[in-house]
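Undergrad: Structure provided below as structure tokens; questions to follow.
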Amino acid sequence: MIKKIIGYIGLRMCNILPTNGSMINLGQQRIRAFFGKLFLSECGKYVNIQKNTSFSHTCKLGDYSGIGAGSNLFGTVIIGKYVMMGRNCTIHTQNHEF
């Protein structure tokens with residue numbers, strides 16, 4: 001549980017860093033990936049979590065996948081391998097059980 005809390009706080013603090021791929025490189029992509037691995041229930045290799053994203057700890061992110069800047073994932077969302085999500089995407093899975 002403490003890992004999830006540290007991951008959550010770290011991801012919120014990462015919002016002050018520039019976007020990944022910007023001209024200013026402070027290692028923000030690796031920092032966000034590190035905190036994502038602490039927070040998410042499953043997090044693959046070489047993930048790209050962009051700035052100002054919001055998701056629950058029950059989300060899963062596959063290898064070489066990314067969550068676009070400003071995206072919101074509500075509920076349990078499973079993103080497979082090699083998925084590149086665009087900016088400002090919103091996915092709701094709450095109350096949509098299959």
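The values are calculated or read from the model by the stated rules, or taken from the named source; none is laboratory data. All of these numbers come straight from a predicted model, not from anything done at the bench. In this analysis, Cβ positions are derived from the backbone assuming ideal geometry, glycine residues included, and neighbour counts consider all displayed protein chains. Protein only, heavy atoms only, side chains kept; ligands, DNA and RNA dropped before computing areas. Shrake-Rupley method; radii C 1.70, N 1.55, O 1.52, S 1.80 Å.
Undergrad: Quick check on my filter: what residues within segment 24-58 are in a helix (DSSP H, G or I) and over 15 Å from residue 71 (Cα atoms)? Outline the logic, then answer.
TA: Residues of segment 24-58 in a helix (DSSP H, G or I): 28-39.
Of everything in segment 24-58, those that are in a helix (DSSP H, G or I) and over 15 Å from residue 71 (Cα atoms) turn out to be 28, 29, 30, 31, 33, 34, 35, 37, 38, 39.
Undergrad: Taking the condition open to solvent by 80 Å² or more (accessible area, probe 1.4 Å), among the basic types (Lys, Arg) and farther than 18 Å from residue 76 by Cα, does residue 37 pass? Spell out the reasoning first.
TA: Working: open to solvent by 80 Å² or more (accessible area, probe 1.4 Å): yes; among the basic types (Lys, Arg): yes; farther than 18 Å from residue 76 by Cα: no.
No, not satisfied.
Undergrad: Any residue in segment 1-23 that is open to solvent by 90 Å² or more (accessible area, probe 1.4 Å) sitting within a Cβ distance under 8 Å of a residue that is among the small types (Gly, Ala, Ser)? List the pairs, counting only those 6 or more apart or interchain.
TA: none
Undergrad: I would also like to ask the following. Return a yes/no flag: does segment 76-92 have any residue that is open to solvent by 80 Å² or more (accessible area, probe 1.4 Å), in contact with an Asp or Glu (Cβ under 9 Å, 6 or more places away or on another chain) and hydrophobic (A, V, I, L, M, F, W, C).
TA: So far as segment 76-92 goes, yes, one or more of its residues are open to solvent by 80 Å² or more (accessible area, probe 1.4 Å), in contact with an Asp or Glu (Cβ under 9 Å, 6 or more places away or on another chain) and hydrophobic (A, V, I, L, M, F, W, C).
Undergrad: Could you list, in sequence order, the residues of segment 66-75 that are under 23 Å from residue 3 (Cα atoms) and either out of contact with any His (no Cβ under 9 Å at 6 or more places or on another chain) or loosely packed, with under 12 Cβ neighbours inside 10 Å (or both)?
TA: Passing the criteria: 66, 67, 71.
Undergrad: Would you call residue 72 more than 9 Å from the chain's Cα centre (by Cα), of a type outside the set (A, V, I, L, M, F, W, C) and under 19 Å from residue 9 (Cβ atoms)?
TA: Yes, satisfied.
Undergrad: One residue is enough: does segment 47-65 have a residue meeting the conditions touching a His at 6+ places or on another chain (Cβ under 8 Å), open to solvent by less than 20 Å² (accessible area, probe 1.4 Å) and modelled with pLDDT under 95?
TA: Looking through segment 47-65, none of the residues is touching a His at 6+ places or on another chain (Cβ under 8 Å), open to solvent by less than 20 Å² (accessible area, probe 1.4 Å) and modelled with pLDDT under 95.
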